[in-house]
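*Asks:* Before I ask anything, here is the structure I am working with.
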Amino acid sequence: MSMQHPVRVSSLLAAALVLAPASAQDAITPKAGEPFPEIAFPTLTGGKPVTLARFEGKKVLLIQFASW
Amino acid sequence: MLEDLEADGTIDDNQVQLVGLIQEQHPERCKLFMKWKKMDFPVLVDSLNRLGVWAVPMLWAIDAHGVVRNTTRPRKDWIRDKFLKTDYPESSAEPAREQRDTGVDAFLARDWDNAITAFEQQTKTDAKDAKAWFRLGCSLRARHDSTDRKPDDFQRAIEAWTQAVRLFPRNYIFQRRLQQYGPRLGKPYPFYDWVAQAQADLRKRGVPVEALTVPLEGSEVAAPVGRPRGAIAEPNDAKEPDPEGTIDRDKDGWVGFASVVAPKPPAIGGSVRAYLRFTPNRRKEITWDNEAGPLRVWLNVPDSIHVASSLLVAKMPEKSSSSSEVRTIELELELPDELAPGKVEVSGYALYFVCSGKRDQCVHLRQDFTIAFDVVKGRPRHRRR
């Protein structure tokens, strides 16, 4: 598997990453110590929506990024 | 960080699965990006921000039983020395489940009409529901990009996103969606200026490149103010092309006109980007007469408002004597601090050379228009320097 980090991830990491106070977060927002929410997302390749349960049994690094 | 983790062998296929998650309005652009950068990990799409996050990027370390293990953005040494080496116990906790939302269901089914109806209802039920406003904007823009487009979809999308940002200004997902189409003064970076390079590089590599189904708006590639690239309109001393109004008016609707301003409403002291769209009438078989000259726009801007140039010229396709594409002119207006709240009107006119049918009639026409919007007090998101 070949990986290169997205072009602007480093600059975005340096930008103001505002962590929401717990009281303001959605109930569905992932929280440490809790199972990742069960949400079926469409895939970029257009396949059937999947949840992260698809990867159960393996550790996952889920990176939320943007191509801009 | 991910590059380092791969380079030193921390991450490999056996240890961990890398999964991407994007919130972009147009996921196909990320597909192009992945191809260009030779990234081949699975990517999930969350255009409506169903995960409820505030910022991007984020990284979650999830153990083999599906439990999130990091409290903040994880450091590389934590991933390598703690996360990957720990055998986490199973958890009996149930994962949070998304509440059923008819708007989300409709959006995922690409049923834009019903998605819009559902999110409109949500904003009526709770006018302070920023998430509903954001999703309404996404749905309107999606319909604008489809064959079911309605004339005011893009403007309504801007208004909905403006409202979302007003209600929840610290949400960077909401902000970026609006900035993508907004004035250069409010942009953190050019967003999609890499697309042309990506397509060129892929072609050089012999990789097939499909055209984007949703073309880029000028705002999506324009550089923020302060960097010299990508001027919208060069300042000039251009003379008004038809001061006496001698050119025939387009009384028969040969070319349709629509304007969109972003944000809407803009704040006093900030700036606003205006899109002027000109669409040849298909029923009348109208085409642009490229041999005769380009589409030009003249603006009569109030003295208090600044614009880089009053005369703007739309791009024409190369090597084509006639064409029928929609032509868009984008411009930015700077709103002074002294402006009073209320309605602002910028009048102007477009001049164009068009032909009807099989070139049995080609004419030079003028269409007058007014760009109108309210300006409000408040902290401008796009402040002049």
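Computed from the coordinates by the stated procedures, all read-outs in this text should not be read as laboratory data. All of these numbers come straight from a predicted model, not from anything done at the bench. Note that each Cβ is placed from the backbone with ideal geometry, even for glycine, and that neighbours are counted across all protein chains shown.
*Asks:* In Å and from the alpha-carbon atoms only, list the Rg and Dmax of the stretch B:232-375.
*Replies:* Calculated on Cα positions, Rg and Dmax stand at 16.0, 52 Å.
*Asks:* Could you work out the relative contact order of chain B? I mean the mean sequence separation of Cα pairs under 8 Å and 6+ apart, divided by the number of residues, in percent.
*Replies:* Contact order relative to length: 13 percent.
*Asks:* Could you work out how far the C-alpha centroid of the stretch A:33-59 sits from that of the stretch B:162-217, in angstrom?
*Replies:* 26
*Asks:* Give the span of the stretch B:102-179's Cα atoms along each principal axis, as three whole-Å numbers ordered largest to smallest.
*Replies:* 33, 25, 19
*Asks:* Right, something else. Arranged by the count of other C-beta atoms within 10 angstrom, fewest first, what order do B:Thr246, A:Thr51 take?
*Replies:* So the ranking, lowest neighbour count to highest, is B:Thr246, A:Thr51.
*Asks:* Now a separate question. Provide B:Glu120, B:Glu291 in ascending order of the number of other Cβ atoms located within 10 Å of each residue's Cβ, fewest first.
*Replies:* Final ranking by Cβ density, sparse to dense: B:Glu291, B:Glu120.
*Asks:* Taking the mean number of other Cβ atoms within 10 Å as a proxy for protection, how do you rank B:81-92, B:16-27 from highest to lowest?
*Replies:* Put in order of decreasing packing, that is B:16-27, B:81-92.
*Asks:* Distances longer than 41 Å among the Cα atoms of chain B: what percent of all pairs is that?
*Replies:* 23
*Asks:* Enter the angle in degrees (range 0 to 90, nearest 10) between the Cα long axis of helix B:27-36 and the first principal axis of the Cα atoms of chain B, meaning the one along which they spread out most.
*Replies:* Approximately 70 degrees, to the nearest 10.
*Asks:* What's the exposure ranking of B:Cys362, B:Cys138, going from fewest to most Cβ atoms within 10 Å?
*Replies:* B:Cys362, B:Cys138
*Asks:* List the residues of the stretch A:27-68 whose backbone N lies under 11 Å from a point placed 7 Å from the Cα of B:Lys204 along the Cα-to-Cβ direction.
*Replies:* Counting only backbone N, you get no residues.
*Asks:* Can you show me the helix-derived [θ] at 222 nm for the protein assembly as shown, built from DSSP H runs with n ≥ 4 at -39,500 (n - 2.57) apiece and divided by the number of residues, rounded to the nearest 500.
*Replies:* Using -39500 (n - 2.57) per qualifying helix, the result is -6000 deg cm²/dmol.
*Asks:* What does the convex hull of the Cα atoms come to per residue for the protein assembly as shown, in Å³?
*Replies:* Cα-based convex hull of the protein assembly as shown, divided per residue, equals 168 Å³.
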